[in-house]
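Written below as structure tokens is the structure these notes are about.
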Amino acid sequence: MAERRIKAAVIGTGAIVTVGHLPALAAHSAEAELVAAVDIDPARLTAFREQVAAVEGIGAPTGYTDLAAMLATERPDLVILGTPPALHRAQALAALRAGAWVWSEKPLCLSLAEYDEIAAAEREGGPYMAVVAQHRYGSGTVHARGLLASGDLGAPRVAHCQTTWHRDRAYYAVPWRGRWATEGGGPTMGHGIHQTDLLLHLLGDWTEIRAMAARLVHDIESEDVSTALVRFANGAVATVVNSVLSSDEVSRIRIDCADATVELTHLYGHRNEDWTYTPRPGLADEARITRWRTPTADRPSSHAAQLEGVLAAMRTGTRPPGGGADARRTLEFNAALYKAAFTGRPVRAGEIAEGDPFYSAMHGNHPDWAPKEAQ
């Protein structure tokens, strides 16, 4: 790709685009310009374009209410999906087939079958798709992952991944939420997926899951709480908790290693100060401890941090961060969690393949969980 500004288009102009993607595009305005915005709501589209006009250097996007028309007219290099999850599959396929790279909010799609269909539309050298995984790209994550990979903290042994948030009845009054066909699941897919992805980013491949899920409060199709026990290829074991029933909201990852515990506590985003390193009793190597607690950079997790890597990949024609098998692993983890919870059996990595009911839908057509029209 020639060294010109990359032409970007956003699909959906709601909160996640205005709060997450617009600042990211502004931060990289020297490399990318926003040439188009698509939304089925003309009033919201107009308001978004007015908001963009107030941001210097980002571009003056043309408004569209039809994705196909935008792709044919603008021929963007990058399409950013900020729409509800049920729309991602068709929109990602349309963009890839039009020659545009795709950067999509989580979850990219509603099943492993949909993911594999989207991946099949990629071409060697691009266009590729990537999933938003902004928590991977803060300097605190980069530092912790480096320490874990090098063995500086000792072998990882026990981990805990917690997404305990609160969502009220008004939240689920939005028609597409809490439904398998439109959201793909409950907090396992819609909320905890960010921390789960970060846990896998830090610890690597998982091998086995045992799980439980329940509807305890909300009158929805999917779960409002899930828990899991997980074994990793490196021998570590972990607990994962996803909830929208928690008054004290927190996102947390804790990994107990042979020589130290590393812990991240935040809510929707993190900075270096949200990470703590606690040496094991008796470890008195002050230089080592100082190294743990002193990242070489200070950058908060953000969409902007990940977009930098996406744009760099586009320039070189290489797979962007947050795509390919790496992104699929997180989706497979969630499918396995649901299968383990609904069947009461442990699930191993790789066992959910074509022909397995949990390959084509997260509810697996289970009689206690699938929507009536799917049974």
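Rolling a 1.4 angstrom probe over the protein heavy atoms with all chains in place gives the chain an accessible area of 41 Å² per residue.
Rounded to the nearest 20, the Cβ-based charge dipole of the chain about its Cα centre (Lys and Arg +1, Asp and Glu -1) stands at 340 debye. Sorted largest first, the spans of the alpha carbon positions of the range 254-303 along the three principal axes are 39, 21, 12 Å. Comparing 92, 53, 361, which has the greatest mean-square fluctuation in the GNM of the chain with Cα pairs linked when under 10 Å apart? Result for the chain, Cα springs under 10 Å: 53 fluctuates most.
Comparing 90, 32, 340 in a Gaussian network model of the chain, where Cα atoms under 10 Å apart are tied by springs, the biggest mean-square fluctuation is seen for 90.
Note on the range 253-338: Cα-Cα pairs beyond 19 Å make up 61% of the total pair count. Dividing the summed -39500 (n - 2.57) terms of all DSSP H runs of n ≥ 4 by the residue count of the chain sets its mean residue ellipticity at 222 nm at -9500 deg cm²/dmol. Computed over every Cα-Cα pair of the range 199-270 and binned at 5 Å starting from 0, the pair-distance distribution P(r) comes out as 3, 13, 21, 21, 20, 14, 6, 2, 0, 0 percent. Percent of C-alpha pairs per 10 Å bin in the chain, short distances first: 5, 23, 32, 26, 12, 2, 0.
If you roll a 1.4 angstrom probe over the protein chains with everything in place, what fraction of the accessible area of the chain belongs to carbon and sulfur, to the nearest %? C and S fraction of accessible area: 52 percent. The rule of thumb for compact globular proteins, 2.2 N^0.38 Å, goes into the C-alpha radius of gyration of the range 207-363 1.27 times.
Under the rule a/c < 1.5 gives rounded, and otherwise a/b versus b/c splits prolate from oblate, where does the range 1-145 land using the Cα gyration tensor? Note, shape of the range 1-145 comes out rounded. Averaging the Cα positions of each part gives two centres, and for the range 296-375 and the range 255-271 these lie 22 Å apart. Summing charges over neighbours of residue 178, with a neighbour being any other residue whose Cβ is under 14 Å away from its Cβ, gives -1 when K and R count +1 and D and E count -1. Note on residue 268: accessible area is roughly 120 Å² with a 1.4 Å probe, heavy atoms of protein only. Taking the chain as a Gaussian network of alpha-carbon nodes connected by springs under 10 Å, the highest mean-square fluctuation of the residues 40, 11, 255 belongs to 40.
Think of each Lys and Arg Cβ as +1 and each Asp and Glu Cβ as -1; about the Cα centre, that makes the dipole of the range 94-191 roughly 320 debye.
As a test, work out the antiparallel percent of DSSP beta bridges whose residues both lie in the chain, rounded to the nearest 5. Expressed as a percentage, antiparallel bridges in the chain total about 60. What are the lysines whose alpha-carbon lies under 17 Å from the alpha-carbon of residue 7, with same-chain residues fewer than 8 places away excluded? Within reach: none. Taking Cβ atoms as reference points and 9 Å as the exclusive limit, the residues near residue 245 contribute a net charge of 0, counting Lys and Arg as +1 and Asp and Glu as -1. Extent along the principal axes, Cα only, for the range 71-205: 53, 44, 25 Å, with the longest axis given first.
Ordering 96, 363, 142 by the projection of their Cα atoms onto the charge dipole of the chain, which places +1 on the Cβ of Lys and Arg and -1 on the Cβ of Asp and Glu, puts 142 at the extreme positive end.
The values are calculated or read from the model by the stated rules, or taken from the named source; none is laboratory data. On a predicted model such as this, the values are computed, not experimentally measured, just so you know. Methodologically, a virtual Cβ is constructed for each residue, glycine included, from the backbone with ideal geometry; neighbour enumeration extends over all protein chains shown. Heavy atoms of the whole protein, side chains included, go into the accessibility calculation; ligands, DNA and RNA do not. Shrake-Rupley method; radii C 1.70, N 1.55, O 1.52, S 1.80 Å.
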